[in-house]
Amino acid sequence: MLKALIGFKVGMTQIFDTTGNLIPVTVVSAGPCVVTEIKTKERDGYTAVQLGFGELKEKSANRPMKGFFAKKNLPLKKILKEYRLKDISGFTIGQEIKADVFAPGDTVDVSAVSRGHGFSGVVKRYNFRGGPSTHGQSDRLRAPGSSGSQGPQRVLKGSRRPGHFGCDETTVQRLKIVSVDPEKNLVLIKGCLPGPKNQTVFINKTVKKVKAVVVAKATGKAKKVVKKITAPQKA
């Protein structure tokens with residue numbers, strides 16, 4: 001089963017859970033995504049499913065893009081993303097993937113392009129401490145300081161210097177889905193996501209293992225699991 005969606009970031013808000021705790025969440029308008037291509041091992045050498053998301057005006061599409069969608073009798077899509085799967089038997093061209101593929105409590109990884117900050121100094125870009133505020137300094141508060149070394153007598157390649165900051169492909173892992181609205185195709189994810197509002201985001205099932213305590217917190221059984229894990233073993 002494909003547990004992945006393409007959407008855009010609506011913004012952040014706050015909700016209360018059943019116990020009255022305030023949870024900061026990011027609202028994502030995820031889907032519906034359309035299956036635009038199915039890759040097979042016999043034809044392509046691997047198995048995968050390609051999803052399309054977002055409307056694309058005809059004047060904004062080139063001739064190869066128009067021919068690709070016209071051949072499959074599908075409307076133009078702005079964003080295409082391919083996901084490799086072992087089993088593709090349950091997918092057909094034109095099939096819609098909606099927000100109900102996820103459920104509250106699922107753990108996901110979210111990828112997006114981070115917010116761009118332009119040319120930034122080392123204090124903002126790399127969290128440098130900066131120079132002293134006293135002892136005669138006048139303009140070195142946010143300066144990087146000495147960047148050479150006593151050995152090669154030059155600045156080494158890869159040194160952390162001022163430069164372009166942000167606007168990079170970023171992935172935030174193991175985020176918890178708090179709520180899903182299949183009718184409006186809205187997914188509420190705990191915490192913040194990279195990028196500004198209306199930024200395209202890719203939601204995937206997490207690739208890392210989730211510890212039992214994390215799963216228990218999502219289902220409200222944390223005390224029992226922690227007690228079981230921390231209990232001393234009998235000889």
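Throughout, read-outs are computed from the coordinates displayed, never taken from laboratory work. The shown structure was predicted, so the numbers you read here are calculated from the model rather than taken from an experiment. Positions of Cβ are backbone-derived with ideal geometry, glycine not excepted, and every protein chain shown enters the neighbour counts.
Please get the size of the charge dipole for segment 117-165, origin at its Cα centre, with Cβ charges of +1 on Lys and Arg and -1 on Asp and Glu, quoted in debye to the nearest 20.
I would put it at about 180 debye.
Output wanted: per-residue J couplings in Hz (rounded whole) for segment 28-36, from phi through Karplus 6.51 cos²θ - 1.76 cosθ + 1.60, θ = phi - 60°, x for Gly and Pro.
10, 7, 9, x, x, 9, 10, 6, 9
Where does each of 28-35, 162-169, 7-14 land if you order them by average Cβ count within 10 Å, highest first?
Answer by packing, highest mean first, reads 28-35, 7-14, 162-169.
Calculate the FRET efficiency for residue 84 and residue 208 from the Cβ-Cβ distance with a Förster distance of 22 Å, rounded to the nearest 0.05.
Result of the calculation: an efficiency of 0.80.
Of 35, 12, 56, whose Cα points farthest to the positive end of the dipole of the chain (charges on the beta-carbon: +1 Lys, Arg; -1 Asp, Glu; origin at the Cα centre)?
12
Would you mind computing, in nm to one decimal, how far apart the modelled labels at residue 198 and residue 59 are, each placed 7 Å from Cα along Cα→Cβ?
With each label placed 7 Å out from Cα toward Cβ, I get 1.8 nm.
Just going by the charge dipole of the chain, with Lys and Arg at +1 and Asp and Glu at -1 on Cβ, which of 158, 74, 182 is farthest out on the positive end?
Of the options given, the answer is 158.
Let me spell out the model: positive unit charges on the Cβ of Lys and Arg, negative unit charges on the Cβ of Asp and Glu, origin at the Cα centre of the chain. What dipole size does that give, in debye rounded to 20?
It comes to approximately 860 debye.
Read phi for every residue in segment 101-108 and hand back ³J(HN,Hα) as whole Hz from Karplus 6.51 cos²θ - 1.76 cosθ + 1.60, θ = phi - 60°, with x for Gly and Pro.
Once rounded to whole Hz, the list reads 5, 10, 9, x, x, 5, 10, 9.
Report the equivalent ellipsoid semi-axes for the chain in whole Å, largest first, defined as the square roots of five times the eigenvalues of the gyration tensor built from alpha carbon atoms.
Working: eigenvalues 307, 184, 77 Å².
They are 39, 30, 20 Å, listed from largest to smallest.
What is the sum of charges around residue 164, taking Lys and Arg as +1, Asp and Glu as -1, for the other residues whose C-beta is under 15 Å from the C-beta of residue 164?
Summing Lys/Arg as +1 and Asp/Glu as -1 gives +3.
Starting from the amide H of residue 195, placed 1.01 Å from N in the peptide plane, find each other amide H under 5 Å away whose residue is 5 or more places distant or on another chain.
115
Please name whichever of 46, 118, 2 sits farthest to the positive end of the charge dipole of segment 1-137, dipole taken about the Cα centre and charges placed at Cβ: Lys and Arg +1, Asp and Glu -1.
The one lying farthest along the dipole's positive direction is 118.
What order do you get for 80-89, 193-202 when each peptide is scored by the mean count of other beta carbon atoms within 10 Å, highest first?
193-202, 80-89
Measuring from label point to label point, each 7 Å out along Cα→Cβ, what is the residue 113 to residue 72 span in nm?
That separation, rounded to one decimal, is 2.3 nm.
What is the dipole size for segment 84-215, taken about its Cα centre, with +1 at each Lys and Arg Cβ and -1 at each Asp and Glu Cβ, in debye to the nearest 20?
Computed charge dipole of segment 84-215: roughly 780 debye.
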